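J.: Can you keep this structure in mind? I'll have questions shortly.
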Amino acid sequence: MSAAQWRRAMNGGLAGAAARPRPASPPAVAAPVAEDPYADSDAPRWLKYLWRTLSARHVFTAALLLLLPFVASPFLTYQVAAQALIFGLIALSLSFLAGYGGMVSLAQLTVAGIAGYAVAVLGSSGTATSLGWPWWVVLPFALIIATLCATLIGWLSVRTDGIYTIMITLAIGVAFYYLVLQNYTVFNGFQGFQKVYPPLVLGINWRDPMPFYFMALFWALAGYFFIKWLVRTPFGIALQGIRDNPRRMNSLGFSVIAHRVAAYAVAGVLAGIGGILLVWYNGLITPGSVGTGWMINVLVIAVLGGMKHPIGAFLGAVVFILLQTFAIDVIDRERFNLVIGGVFLAIVLFSPDGLLGLWAKLRSRFGPNQVLTSTPTRRQP
């Protein structure tokens with residue numbers, strides 16, 4: 001066969017192969033999608049949202065929280081669980097500012113202390129300094145005062161950034177500590193207020209372990225779901241944009257100062273509710289309740305859990321309260337801060353995103369998705 005005949009035979013074969021129709025590939029099978037029974041119904045939006053977001057772990061967590069006071073001792077219910085919910089709510093206000101607004105404030109416990117002192121001064125505490133107003137008047141006033149003070153703190157500190165914001169809020173917290181320590185006319189000095197109890201409503205003593213736990217749980221869940229909703233609103237999205245690039249958001253027409261001050265006001269509401277619960281939990285409030293040590297502890301709680309998700313504040317509070325409650329059985333009480341400092345240092349070194357970041361790393365390394373992605377794929381012959 002000559003070269004010309006070979007070329008003609010090859011061209012004919014290739015043309016015939018190109019002309020032959022290729023077998024159709026099998027149609028792609030779509031992954032099964034869970035049916036949404038509320039998609040075409042007139043159900044409220046919150047019910048549709050719950051159906052799309054709830055999972056097995058949410059149901060398990062809710063069942064655990066609701067059944068805890070019935071299976072645990074009053075000590076665990078009151079001293080551990082209720083206290084963790086309260087400090088988690090206060091730390092949530094800090095996590096919201098730092099995680100979604102990029103503003104680290106050490107004055108959140110100060111705002112909580114302002115609400116607690118307002119309850120003690122305006123309500124009843126067994127001292128002549130208190131005004132003795134009814135509780136249904138005291139609580140709104142205390143929350144309004146705390147929110148206004150948080151707004152003022154935000155107005156003073158949002159024009160700074162980084163370490164300067166931390167120093168300004170720390171200075172405000174220290175100034176409030178010395179104010180309540182040295183003022184006897186309004187704040188009763190170093191003695192503070194010793195008998196600040198929740199009111200008797202509906203015939204229930206809300207200072208009993210089980211009622212107080214459910215009250216703290218209600219407000220903790222309300223704060224958690226409120227922040228989860230807020231960060232998905234236009235305000236929350238704009239606040240996160242300001243956290244990432246304030247100059248660009250300003251050029252787009254968003255008021256950076258107004259959004260940051262509003263974030264401080266929102267955080268003030270959460271911290272104020274936590275402060276009211278805290279003064280009822282302790283039954284007293286003194287200058288030691290708003291000291292520098294507890295301001296740092298709130299920051300430690302927020303960092304331990306992780307600031308990138310609202311649940312991190314409560315996770316960090318649980319770990320902190322458990323260590324605070326049971327670590328003294330192993331070491332001296334005076335060395336508790338050494339244990340907390342060691343745990344805090346380990347978390348910061350190995351997981352800057354806190355316990356949530358550590359959990360995410362473990363899931364990515366040992367989870368089923370990692371096994372699937374690491375399996376080599378064979379080439380089709």
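J.: Return the ratio Rg/(2.2 N^0.38 Å) for region 61-165, where Rg is computed over Cα atoms only.
T.: Output field value: 1.35.
J.: What does the convex hull of the alpha-carbon atoms of region 82-291 project to on average, in nm²? Walk me through the numbers before you get to the answer.
T.: Working: hull surface 45.7 nm².
Over every viewing direction, the Cα hull of region 82-291 projects on average to 11.4 nm².
J.: Here's something else I'd like to know. Please give, to one decimal in nm, the separation of the simple spin-label points placed at residue 326 and residue 308, each 7 Å out from Cα toward the Cβ.
T.: Reported label-point gap for residue 326 and residue 308 is 2.9 nm.
J.: Project the alpha carbons of region 180-277 onto their principal axes and report the range along each, largest first, in whole Å.
T.: So the extents along the principal axes, rounded to whole Å, are 53, 36, 18.
J.: Translational diffusion coefficient of region 127-167 at 25 °C, 0.890 mPa s, Stokes-Einstein with Kirkwood Rh over Cα pairs, in µm²/s as a whole number.
T.: Rounded, D is 196 µm²/s.
J.: Moving on to the next point. For the residue pair residue 225 and residue 282, what label-to-label distance in nm results when each label sits 7 Å from Cα along the Cα-to-beta-carbon direction?
T.: For the pair residue 225/residue 282, the computed spacing is 3.0 nm.
J.: With a 10 Å Cβ neighbour count serving as the proxy for reagent exposure, in which order, fewest first, do 131, 356, 92 appear?
T.: Working: 131 12, 356 19, 92 31.
Taking fewest neighbouring Cβ atoms as first place, the list is 131, 356, 92.
J.: Another one. Net charge around residue 99, counting only other residues with Cβ within less than 15 Å of its Cβ (Lys, Arg = +1; Asp, Glu = -1)? List each step's numbers first, then the result.
T.: Working: positive: 228, 232, 243, 260, 308; negative: 244, 353.
Once positives and negatives cancel, what remains is +3.
J.: I've got another one for you. Rank the residues 217, 179, 200 as a footprinting-exposure proxy: fewest other Cβ atoms within 10 Å of their Cβ go first.
T.: Ordered from fewest to most neighbouring Cβ atoms within 10 Å, 217, 179, 200 come out as 200, 179, 217.
J.: Between region 156-199 and region 214-242, what is the C-alpha centre distance in whole Å?
T.: Each part reduced to its Cα centre gives a spacing of 25 Å.
J.: Hey, rough spin-label estimate for residue 235 and residue 359, points 7 angstrom out along Cα→Cβ, what's it come to in nanometres?
T.: Taking the simple label geometry, residue 235 and residue 359 are separated by 2.8 nm.
J.: Let me ask you something else. Would you calculate the convex hull of the Cα atoms in region 119-209 and tell me its volume per residue in Å³?
T.: 132
J.: Tell me, in nm to one decimal, what length is gained between residue 133 and residue 205 on full extension, where the rule is 0.36 nm per residue of separation less the Cα-Cα distance?
T.: Working: separation 72, 0.36 × 72 = 25.92 nm, distance 1.91 nm.
My answer for the length gained is 24.0 nm.
J.: Fewest first, what order do 353, 161 take by the number of other Cβ atoms within 10 Å?
T.: 161, 353
J.: Can I ask one more? Using r as the Cβ-Cβ distance of residue 160 and residue 346, and R0 as 35 Å, what FRET efficiency do you calculate, to the nearest 0.05?
T.: That pair, residue 160 with residue 346, gives E of 0.70.
Just so you know, all these numbers are worked out from the coordinates, no wet-lab data involved. Nothing here was measured: the structure is a model prediction, and the numbers come from that model. With ideal geometry, Cβ positions are generated from the backbone for all residues, glycine too; neighbour counts draw on all protein chains shown.
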